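S.K.: Handing you this structure, nothing more for now.
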Amino acid sequence: AQKVTQAQTEISVVEKEDVTLDCVYETRDTTYYLFWYKQPPSGELVFLIRRNSFDEQNEISGRYSWNFQKSTSSFNFTITASQVVDSAVYFCALSEADYGQNFVFGPGTRLSVLP
Amino acid sequence: DTAVSQTPKYLVTQMGNDKSIKCEQNLGHDTMYWYKQDSKKFLKIMFSYNNKELIINETVPNRFSPKSPDKAHLNLHINSLELGDSAVYFCASSQGWDTQGEQYFGPGTRLTVT
């Protein structure tokens, strides 16, 4: 069955530290999509990235980077030089292509960046 | 312009009442969704509509009924509200017919049932 695990419930770092948020997924599909969303304290959900299962290239966007490894079924998210504005709950999500239209979020990791 | 809007933002009501939450998107997307986020922040998809047709209907009590009058709107009607329905409900939309595209979320509606 499709499943997303984010083992880190809460993480606290001091500003300017690097932090990695882990995401491990399970799926029967060979074609699937992985996502990261950010939910700041204001409550809205903000899309960060989408990655399909055939593209294992790592991605960098400013201070954000993502490491996708099919061999370990992981899609980890790293914030470099964290800032207070990065404080939020971060969700990893999985969408399967072959078994109907299903979209599953992980439980989220609450990141607190302290000044 | 707001891409995905929901009304109301807050909804406080008593058990047993019937209420509706409205959602509209102006992105021209084909697919719309409803999600429920509980007090522990768990997000779960409830429904997905593509071009006014139901695509996903997760295990949701039939007290919840989505209605899509047109492609740009997906409203959520809830009958006989229960305490356990208290949550934040998010509407979202995406281009295409599946859940593989980037989803744009509304601001959420915080429903409190007393």
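S.K.: Would you check which residues across the range A:42-82 are in a loop (DSSP other than H, G, I, E, B), within 19 Å of A:E10 (Cβ to Cβ) and away from chain B (no Cβ under 12 Å) and list them?
M.R.: A:S82 - this is the single residue of the range A:42-82 that is in a loop (DSSP other than H, G, I, E, B), within 19 Å of A:E10 (Cβ to Cβ) and away from chain B (no Cβ under 12 Å).
S.K.: Another one. So, of the residues in the range B:22-34 that are buried (at least 22 other Cβ atoms within 10 Å of the Cβ) and at pLDDT 95 or above, which turns out to be nearest to B:Y104 (Cα to Cα)?
M.R.: Ranking the candidates gives B:Q25 first.
S.K.: Pick from the range B:63-85 the residues that are on the phi < 0 side of the Ramachandran plot and of a type in the set (G, A, S): which of them is nearest to the other protein chains (Cβ to nearest Cβ)?
M.R.: B:S68
S.K.: Related question: Might you check whether a residue that is surrounded by 15 or more Cβ atoms within 10 Å (Cβ to Cβ), more than 14 Å from every other protein chain (Cβ to nearest Cβ) and either in a loop (DSSP other than H, G, I, E, B) or modelled with pLDDT under 90 (or both) occurs anywhere in the range B:86-103?
M.R.: yes
S.K.: Also: Say whether the condition of being over 23 Å from A:C92 (Cα atoms) and surrounded by 13 or more Cβ atoms within 10 Å (Cβ to Cβ) is met by at least one residue in the range B:40-50.
M.R.: There is at least one residue in the range B:40-50 that is over 23 Å from A:C92 (Cα atoms) and surrounded by 13 or more Cβ atoms within 10 Å (Cβ to Cβ).
S.K.: Of the conditions (1) away from chain B (no Cβ under 14 Å); (2) of a type in the set (S, T, Y); (3) closer than 24 Å to A:S42 by Cα, A:Y90 fails just one. Which one is it?
M.R.: With (1) away from chain B (no Cβ under 14 Å); (2) of a type in the set (S, T, Y); (3) closer than 24 Å to A:S42 by Cα applied to A:Y90, the lone miss is (1).
S.K.: Does at least one position in the range A:83-93 carry a residue that is on the phi > 0 side of the Ramachandran plot, in a loop (DSSP other than H, G, I, E, B) and hydroxyl-bearing (S, T, Y)?
M.R.: No, the range A:83-93 contains no residue that is on the phi > 0 side of the Ramachandran plot, in a loop (DSSP other than H, G, I, E, B) and hydroxyl-bearing (S, T, Y).
S.K.: Can I ask one more? Would you check which residues across the range A:64-83 are among the β-branched types (V, I, T), surrounded by fewer than 16 Cβ atoms within 10 Å (Cβ to Cβ) and within 22 Å of A:S112 (Cα to Cα) and list them?
M.R.: If the condition is that a residue be among the β-branched types (V, I, T), surrounded by fewer than 16 Cβ atoms within 10 Å (Cβ to Cβ) and within 22 Å of A:S112 (Cα to Cα), then A:T80 is the only one that fits.
S.K.: State which residue is surrounded by the fewest Cβ atoms within 10 Å (Cβ to Cβ) when the search covers only the range B:51-73 and only residues that are aliphatic (A, V, I, L, M) and under 19 Å from A:F103 (Cα atoms).
M.R.: Restricting attention to the range B:51-73, the residues satisfying the condition of being aliphatic (A, V, I, L, M) are B:54-56, B:60, B:72.
Remaining after also requiring under 19 Å from A:F103 (Cα atoms): B:54-56, B:60.
Working: B:L54: 11, B:I55: 17, B:I56: 20, B:V60: 16.
Looking at the filtered set, the residue picked out is B:L54.
S.K.: Could you say which residue among A:Y25, A:Y32, A:Y37 is aromatic (F, W, Y), within 11 Å of chain B (Cβ to nearest Cβ) and closer than 17 Å to B:F42 by Cβ?
M.R.: Step by step, each of A:Y25, A:Y32, A:Y37 is checked, and only A:Y37 is aromatic (F, W, Y), within 11 Å of chain B (Cβ to nearest Cβ) and closer than 17 Å to B:F42 by Cβ.
The values are calculated or read from the model by the stated rules, or taken from the named source; none is laboratory data. Quick caveat: nothing in here was measured; it's all calculated off a predicted structure. All Cβ positions, even for glycine, are placed from backbone atoms using ideal geometry, and neighbour counts span all protein chains on display.
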